[in-house]
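Colleague: Okay, handing you the structure first.
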Amino acid sequence: MITAYDITLAQAADAPAIAELSRDAVEYGLPWRWTQARVMRCIRDASTNVVVARHGGSLLGFALMKYGDDEAHILLFAVRATHRRAGLGAALLSWLEATAEVAGILRIRLEARAGNAAARSFYRRHGFVESGSSPGYYEGAEDAVRLLKELGPRP
Ligand SMILES: CC(C)(COP(=O)(O)OP(=O)(O)OC[C@H]1O[C@@H](n2cnc3c(N)ncnc32)[C@H](O)[C@@H]1OP(=O)(O)O)[C@@H](O)C(=O)NCCC(=O)NCCS
């Protein structure tokens, strides 16, 4: 059980590990779209936060979120398989939500693979609702489920 993580904005040197974790944890069975170069563009993009979670120097998880005027879109999100169900995903999501609220964002959207029961359960647990589906969204091989969370005032 891990008890503490460092959650920070990613550095350029994190791009290879983020891309490889995306390939293995998110894009399995699909062509590798989130390459190192694409992740690097996001790190440099002023309207995208690329966030990493570390423990003892190892990158254990990451999240990419792009900001619009009043909506933010989670583009990618993953925790290493060896470190799941220990609260790391919740910590990353909490960081994203707190940052979005400070930025005046009203809602967060994302897509997940329809067959990804763990992600659907994770986001539902954190207050997201399934707002629809996009047939064939993933290279025609799998549908996406769309998830949405309205950010309200904190209690
Ligand atoms: C989805 C994911 C990010 C969750 O990360 P995590 O660090 O394991 O999440 P947490 O430990 O904070 O889990 C919080 C809660 O989410 C739900 N959850 C997480 N994984 C689950 C699973 N495999 N099955 C059912 N519920 C799950 C549970 O409610 C869990 O609480 P619990 O452990 O007390 O039951 C992780 O499974 C992952 O990286 N999956 C592969 C990549 C992916 O699917 N990314 C999202 C694509 S949009």
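The values are calculated or read from the model by the stated rules, or taken from the named source; none is laboratory data. Predicted model, so just to flag it, every value in this text is computed and none were measured. Quick reminder, even Gly has a Cβ in these numbers, built from the backbone with ideal geometry, and neighbours come from all protein chains shown. The protein model used for the area step is the full one, side chains on, heavy atoms only, and it has no ligands, DNA or RNA in it. Shrake-Rupley method; radii C 1.70, N 1.55, O 1.52, S 1.80 Å.
Colleague: Report GLU130's accessible area, 1.4 Å probe, all protein chains in place, as a number in Å² to the nearest 10.
Modeller: Roughly 70 Å² of GLU130 is accessible to a 1.4 Å probe.
Colleague: Leaving out ligands, DNA and RNA, what percent of the accessible area of segment 6-109 is carbon and sulfur, probe 1.4 Å?
Modeller: 51
Colleague: Let me ask something else. How high is the FRET efficiency from ALA12 to ASP69, r the C-beta distance, R0 30 Å, rounded to 0.05?
Modeller: 0.60
Colleague: Here is a further query. Which of LEU106, LEU92, LEU64 moves the most in a Gaussian network model of the chain with Cα springs under 10 Å?
Modeller: The residue with the greatest mean-square fluctuation here is LEU106.
Colleague: Let me ask something else about it. Counting each DSSP H run of 4 or more residues in the chain as -39500 (n - 2.57), what helix-only mean residue ellipticity at 222 nm follows after dividing by all residues, to the nearest 500 deg cm²/dmol?
Modeller: Taking each H run of at least 4 residues, the total per residue is -7500 deg cm²/dmol.
Colleague: Charges only on Cβ, +1 for Lys and Arg, -1 for Asp and Glu: so what's the dipole of segment 6-155 about the Cα centre, in debye to the nearest 20?
Modeller: That gives segment 6-155 a dipole magnitude of about 300 debye.
Colleague: Another question about this same structure. What helices in the chain pass both tests, a Cα length along the helix axis of 20 Å or more and a mean Kyte hydropathy of 0.5 or higher, using whole DSSP H runs?
Modeller: Result, helices passing both filters: 88-102.
Colleague: Something else now. Where the centre of each part is set by its Cα atoms, how far does segment 16-68 sit from segment 75-126, in angstrom?
Modeller: Centre-to-centre (Cα) distance: 13 Å.
Colleague: If r is the Cβ-Cβ distance from THR82 to LEU106 and R0 is 41 Å, what FRET efficiency results, to the nearest 0.05?
Modeller: 0.70
Colleague: Hand me the chymotrypsin sites (Phe, Trp or Tyr not before Pro) from segment 30-124 located in a DSSP loop with no more than 15 other Cβ atoms within 10 Å, in residue order please.
Modeller: Taking segment 30-124 and a limit of 15 other Cβ atoms within 10 Å, the loop chymotrypsin sites (Phe, Trp or Tyr not before Pro) found are TRP32.
Colleague: Averaged per residue, what accessible area in Å² does the chain show with a 1.4 Å probe, protein chains only?
Modeller: For the chain, the per-residue accessible area is 53 Å².
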